[in-house]
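What follows is a set of notes on a single structure, which appears directly below.
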There are 2 protein chains.
Amino acid sequence: MPASLAIEAIFPQLETLFGERLSVNAGVRETHGRGEGSTASEPPDAVVFPTSTDEVSQLAKLCHGASVPLIPFGAGTSLEGHVAAPLGGISIDFSRMNAIEAVHAEDLDAVVQPGVTRKHLNTHLRDTGLFFPVDPGADATIGGMCATRASGTSTVRYGSMKDNVLAMEVVLADGRVVKTGNRARKSAAGYDLTRLMIGSEGTLGIITSVTVKLHGIPETVTAAVCPFPTIENAVDCVIAAVQMGVPMARMELMDAVAMSAVNAYSKLDYAEAPTLFLEFEGAPASVTEQVETLKTLAKDLGGSDFQWADKPEDRNRLWAARHNMYYAGLALRPGAQALTTDVCVPISNLADCIGRTHKALDESPLTGLILGHVGDGNFHTLLLFDPDNPNEHAEAERLNTAIVNQALALDGTCTGEHGVGQGKTKYLRQELGVEAVDVMIQLKSALDPTNILNPGKVIPRN
Amino acid sequence: MPASLAIEAIFPQLETLFGERLSVNAGVRETHGRGEGSTASEPPDAVVFPTSTDEVSQLAKLCHGASVPLIPFGAGTSLEGHVAAPLGGISIDFSRMNAIEAVHAEDLDAVVQPGVTRKHLNTHLRDTGLFFPVDPGADATIGGMCATRASGTSTVRYGSMKDNVLAMEVVLADGRVVKTGNRARKSAAGYDLTRLMIGSEGTLGIITSVTVKLHGIPETVTAAVCPFPTIENAVDCVIAAVQMGVPMARMELMDAVAMSAVNAYSKLDYAEAPTLFLEFEGAPASVTEQVETLKTLAKDLGGSDFQWADKPEDRNRLWAARHNMYYAGLALRPGAQALTTDVCVPISNLADCIGRTHKALDESPLTGLILGHVGDGNFHTLLLFDPDNPNEHAEAERLNTAIVNQALALDGTCTGEHGVGQGKTKYLRQELGVEAVDVMIQLKSALDPTNILNPGKVIPRN
């Protein structure tokens, strides 16, 4: 029975459960069937807006019995088709589960509902002297960030979502509500259900509460932008800093094309050369020490024209330019869409991997640019193509596959932070082996035997 | 069929596979059936000493078909009966799989066989300027530390095994060999099989290779010992440092009884008062800054008599005294055994939890002492009892349960780092709920349907 028929059978119960918070409006379904990636919308049959864990649990019980797919929806900023409904079903929009339930400032943790966005959380925390560090750029929800194992510009210092969640509450496919941990900073009490759920993209359970780690806002923060003569020199500067253990807060790379896009989009006048965006933080003497070390490393590699941003408003402008990179890239070619790669390799292979990617871009008719969280070995290539031109789309896909193949050959991963979604299931066996994917299928079958939780994501279809 | 009969059926194949590396010697079996805890040995039927992943895989296939239990054995330093064979079967001693297969200094990682101990690894790394930070005190194997999600004195700075492993190779119950990840510093490629295996105590798979993260040896390291007027003051000093985000390398607490044990055992003359053992590290100016901050915090809480250890040999002596605490505690009462608790609570509840534990100790006829990784909220109580006196053993168990109940009531865990083993299965449902344990049982059934992998550990028997 297709989902659209299956959902009809439970529609009266859905109406009773959600009332006006159930929508089958075409526009609502359309916007819930796509994220920010280049793939077309695959709308769900309906969208619900729960307000409690209990409602999500009742919904799961209903859909489990009727074999109706359930697709969690946070802020819709995924780039890999996570929120699409290729088999129909019900999109669960968490925008009304956006309460910050507790802030334990003394323990450096907070308990939030999954629909809280990272900016909302940080605004709420402002007076506590604490902050939540994971920053994927977009104002994603904490639930979505858990589901995709998000990371970003601050990961080189603070780690990814895997490192910044103490516990979750999760609704299973059959409606059972599971607590994966507690507020202790560490535990050896059984299997790590928290980490099993983080990065499972809604295919093993539906996240309904998250206990996140918080960190003290550093006493001193300063940021800088520094151009380099070549991309290799910029990368080598980052590698040296990582290897020396300089506790950098952020180390971001943009290539010359990316810098020209940033200048045009954000009305700035940075040098249009390979450039590092850097942030230093800590106690004052430590920051001074870090800055001196970085200056020395950069100078040896031809990078000496540092532009500093000490004041919060200057730093915000600098990082806004970096965070708007996706939109700045799109603006290079009005009407174009972007296919975004997300490979991550061991840092000693990074210059090689970026070099080969640049060469592939030079040889392609498409415009592309490179930016990356190079302290982690992770970089993105934005490949701009005309969505109405099948040849261009095919060329973007060809480049994407070539870049993934390079990264896998260099002991890397096809996705550092965007997740598998639908687009990368085809690379999983190549990356991890048949046996590892078989284990993932066994875990999925054990926890969601009727495959109602976000079907078509993570697990390859054959 | 009991394991002892089942193993007879496959004995000829075992002899072919392992030759002289198969032992049924009573003494060998006895030592492989117990760790360092207070429980009696439960010897396996045989012990094998594999030299390759392929041998482990063949062994698993053989035992899977014959339903013979397999119990991985590292250095035998577990305190929770992890290596015991309550249902008989075969102990897999990894002492001959102790090769360091690769050190990627540029990438800050190393690939090691599971029988490599942490001290062996760090000795090997000495000339690279890098080190492996996780330090549970005992010279445990990397495989065993993965299996129990070990942590220790340096966790407040570097995290636990969960945070310091990039990937593993694991043999499943049926002999399949799975690669859980690769050398990329981060990945969002599917379920986190690495973290699923870490802390699974050999019940989901047998670890045959580990890719660990390495860190640069800090430029400057200094350590200090500082007594406080009360245990609450010492704990408050730690809490303040954590909340201020001082990047301390180690923050360890010992109570007055522990300090007298240390003085007697290690021939030292520290004040016999609640004491913090501290370590500071980083670039020189940063260390100076951290030291000044800690001195100010400590002074306000009555702690000003710092004894410093700047030279490596002095620091080694200081930390050797801390690491020998278990043996120093045992030496307080010759012939006694120790039951060691391992609770971990949110740090704002730590002073309360330790205070109640002290009160319980004061009211008990048994001698006990407290030491702990207080920066993480984790502390141990060593409860000394006469193993030949059932009343004393029962009293130690009663105190253990009371301390666990306190910790769980304070949103903590029954085990911060020692693991569940056999001793703590009874607390799992109380700590995480029936549903979470049901999920663990589902995962175990999916990956090890005939329950041959370390049976009787982690999963409650009923």
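The values are calculated or read from the model by the stated rules, or taken from the named source; none is laboratory data. Given the structure is predicted, the values throughout are model-derived calculations rather than measurements. Positions of Cβ are generated from backbone atoms using ideal geometry, with glycine treated the same way; all protein chains shown enter the neighbour counts.
Which of (1) over 23 Å from B:THR155 (Cα atoms); (2) modelled with pLDDT of 95 or more does B:GLY423 not meet, given it meets every other one?
Only one criterion in (1) over 23 Å from B:THR155 (Cα atoms); (2) modelled with pLDDT of 95 or more is unmet by B:GLY423, namely (2).
Quick one: which residue in A:GLU313, A:GLU272 is closer than 23 Å to A:GLY137 by Cα and either modelled with pLDDT under 95 or in contact with a Cys (Cβ under 8 Å, 6 or more places away or on another chain) (or both)?
Being closer than 23 Å to A:GLY137 by Cα and either modelled with pLDDT under 95 or in contact with a Cys (Cβ under 8 Å, 6 or more places away or on another chain) (or both) holds for just one of A:GLU313, A:GLU272, which is A:GLU313.
Please go through segment B:234-250 and pick out each residue that is touching a strand residue (DSSP E or B) at 6+ places or on another chain (Cβ under 7 Å), among the hydrophobic types (A, V, I, L, M, F, W, C) and assigned to a loop (DSSP other than H, G, I, E, B).
Those that are touching a strand residue (DSSP E or B) at 6+ places or on another chain (Cβ under 7 Å), among the hydrophobic types (A, V, I, L, M, F, W, C) and assigned to a loop (DSSP other than H, G, I, E, B): B:MET248, B:ALA249.
If only one of A:MET168, A:MET248 is more than 10 Å from chain B (Cβ to nearest Cβ), under 23 Å from B:ALA407 (Cβ atoms), in contact (Cβ under 8 Å) with a residue 40 or more places away in the chain and touching a Gly at 6+ places or on another chain (Cβ under 9 Å), which one is it?
After applying the criteria, what remains is A:MET168.
Please verify whether B:SER91 is closer than 20 Å to B:ILE452 by Cα, assigned to a strand (DSSP E or B) and not basic (Lys, Arg), treating the condition exactly as stated.
Against the criterion (closer than 20 Å to B:ILE452 by Cα, assigned to a strand (DSSP E or B) and not basic (Lys, Arg)), B:SER91 qualifies.
Take the conditions in contact with a Lys or Arg (Cβ under 9 Å, 6 or more places away or on another chain), in a loop (DSSP other than H, G, I, E, B) and at pLDDT 95 or above and apply them to A:GLY81. Does it pass?
Working: in contact with a Lys or Arg (Cβ under 9 Å, 6 or more places away or on another chain): yes; in a loop (DSSP other than H, G, I, E, B): yes; at pLDDT 95 or above: no.
Criteria not met by A:GLY81.
Quick test of your reading of the structure: B:GLY190 fulfils all but one of (1) on the phi < 0 side of the Ramachandran plot; (2) crowded, with 21+ Cβ neighbours inside 10 Å. Name the failing condition by number.
Of (1) on the phi < 0 side of the Ramachandran plot; (2) crowded, with 21+ Cβ neighbours inside 10 Å, only one is false for B:GLY190: (1).
Of all residues being in contact with a Leu (Cβ under 6 Å, 6 or more places away or on another chain) and not β-branched (Val, Ile, Thr) in segment A:322-358, which is farthest from the other protein chains (Cβ to nearest Cβ)? Just the residue, please.
Out of the qualifying residues, it is A:ARG333.
I'd like to know if segment A:117-134 contains one or more residues that are among the charged types (D, E, K, R) and either within 11 Å of another protein chain (Cβ to nearest Cβ) or touching a residue at least 60 places away in the same chain (Cβ under 8 Å) (or both).
From segment A:117-134, those among the charged types (D, E, K, R) are A:118-119, A:126-127; that's our starting set.
Those left that are additionally either within 11 Å of another protein chain (Cβ to nearest Cβ) or touching a residue at least 60 places away in the same chain (Cβ under 8 Å) (or both): none.
Checked against the condition, which is being among the charged types (D, E, K, R) and either within 11 Å of another protein chain (Cβ to nearest Cβ) or touching a residue at least 60 places away in the same chain (Cβ under 8 Å) (or both), segment A:117-134 yields no hits at all.
Go over the candidates B:GLY129, B:GLY89 one by one and state the one that is on the phi > 0 side of the Ramachandran plot and surrounded by 22 or more Cβ atoms within 10 Å (Cβ to Cβ). Break it down into steps so the answer makes sense when it comes.
Numbers: B:GLY129 fails: surrounded by 22 or more Cβ atoms within 10 Å (Cβ to Cβ).
Selected residue: B:GLY89, the only one of B:GLY129, B:GLY89 that is on the phi > 0 side of the Ramachandran plot and surrounded by 22 or more Cβ atoms within 10 Å (Cβ to Cβ).
Within segment B:120-153, track down each residue that is more than 13 Å from the chain's Cα centre (by Cα) and among the polar types (S, T, N, Q).
Across segment B:120-153, the qualifying residues are B:ASN122, B:THR123, B:THR128.
Scan B:LEU268, B:LEU297 and give me the residue that is buried (at least 17 other Cβ atoms within 10 Å of the Cβ), touching a residue at least 24 places away in the same chain (Cβ under 8 Å) and not acidic (Asp, Glu). Let's see the steps before the verdict.
Working: B:LEU268 fails: buried (at least 17 other Cβ atoms within 10 Å of the Cβ).
Answer to the selection: B:LEU297.
Would you check which residues across segment A:223-245 are of a type in the set (Val, Ile, Thr), under 29 Å from B:ASP109 (Cβ atoms) and more than 14 Å from chain B (Cβ to nearest Cβ) and list them?
Answer for segment A:223-245, where residues must be of a type in the set (Val, Ile, Thr), under 29 Å from B:ASP109 (Cβ atoms) and more than 14 Å from chain B (Cβ to nearest Cβ): A:THR230, A:ILE231.
Filter segment B:232-241 down to residues that are out of contact with any Ser or Thr (no Cβ under 8 Å at 6 or more places or on another chain) and surrounded by fewer than 23 Cβ atoms within 10 Å (Cβ to Cβ) and give me whichever is modelled with the highest pLDDT.
Applying the filter and picking the extreme gives B:ASN233.
Within segment A:215-238, count every residue that is farther than 19 Å from A:HIS358 by Cα and out of contact with any Asp or Glu (no Cβ under 6 Å at 6 or more places or on another chain).
The number of residues fulfilling the criteria is 8.
Within segment B:171-202, track down each residue that is more than 9 Å from chain A (Cβ to nearest Cβ) and among the acidic types (Asp, Glu).
Matches in segment B:171-202: B:ASP174 only.
Considering segment A:7-47 alone, what residues qualify as being farther than 17 Å from A:ALA60 by Cβ and in contact with a helix residue (DSSP H, G or I) (Cβ under 6 Å, 6 or more places away or on another chain)?
Result: A:SER41, A:PRO43.
Which of the residues that make up segment B:358-367 are surrounded by 15 or more Cβ atoms within 10 Å (Cβ to Cβ) and assigned to a helix (DSSP H, G or I)? Spell out the reasoning first.
From segment B:358-367, those surrounded by 15 or more Cβ atoms within 10 Å (Cβ to Cβ) are B:358, B:360-361, B:364, B:366-367; that's our starting set.
Once the filter is applied, which keeps residues that are surrounded by 15 or more Cβ atoms within 10 Å (Cβ to Cβ) and assigned to a helix (DSSP H, G or I), segment B:358-367 yields B:HIS358, B:ALA360, B:LEU361.
Output the qualifying pairs, or none if there are none: Cβ atoms under 9 angstrom, residues six or more apart or on different chains, first residue in segment A:29-52 and farther than 14 Å from A:ALA75 by Cβ and assigned by TED's automatic domain parsing to the domain that holds A:PHE73, second residue aromatic (Phe, Trp, Tyr) and surrounded by fewer than 18 Cβ atoms within 10 Å (Cβ to Cβ).
Pairs found: A:ALA46/A:PHE11.
Out of all the residues in segment A:105-116, which are at negative phi, among the aliphatic types (A, V, I, L, M) and within 11 Å of another protein chain (Cβ to nearest Cβ)? Walk me through how you get there before you give the answer.
First pass over segment A:105-116, keeping only residues at negative phi: A:105-107, A:109-116.
This time we only want the ones that are among the aliphatic types (A, V, I, L, M), so: A:105, A:110-112, A:116.
A:ALA105, A:VAL111, listed by residue number.
If A:MET259 satisfies all but one of (1) of a type in the set (A, V, I, L, M); (2) surrounded by 18 or more Cβ atoms within 10 Å (Cβ to Cβ); (3) over 17 Å from A:LEU330 (Cα atoms), what's the number of the condition it fails?
(3)
Taking segment A:411-443, which residues are of a type outside the set (Asp, Glu), under 30 Å from A:THR381 (Cβ atoms) and in contact (Cβ under 8 Å) with a residue 60 or more places away in the chain?
A:GLY412, A:THR413, A:CYS414, A:THR415, A:GLY416, A:HIS418, A:GLY419, A:VAL420, A:GLY421, A:GLN422, A:GLY423, A:LYS424 - these are the residues of segment A:411-443 that are of a type outside the set (Asp, Glu), under 30 Å from A:THR381 (Cβ atoms) and in contact (Cβ under 8 Å) with a residue 60 or more places away in the chain.
If you scan segment A:141-165, which residues turn out to be among the β-branched types (Val, Ile, Thr) and within 7 Å of chain B (Cβ to nearest Cβ)?
Matches in segment A:141-165: A:THR148, A:THR155.
Please indicate, with yes or no, whether at least one residue in segment B:276-295 is within 14 Å of chain A (Cβ to nearest Cβ), within 26 Å of A:ASP107 (Cβ to Cβ) and under 24 Å from the mean Cα position of the chain (by Cα).
Yes - at least one qualifying residue is present in segment B:276-295.
I'd like the full set of residues that are part of a loop (DSSP other than H, G, I, E, B) and either buried (at least 24 other Cβ atoms within 10 Å of the Cβ) or free of Cβ contacts under 8 Å to residues at least 60 places away in the same chain (or both), limited to segment A:98-111.
Residues of segment A:98-111 that are part of a loop (DSSP other than H, G, I, E, B), as a first pass: A:98-99, A:108.
A:ASN98, A:ALA99, listed by residue number.
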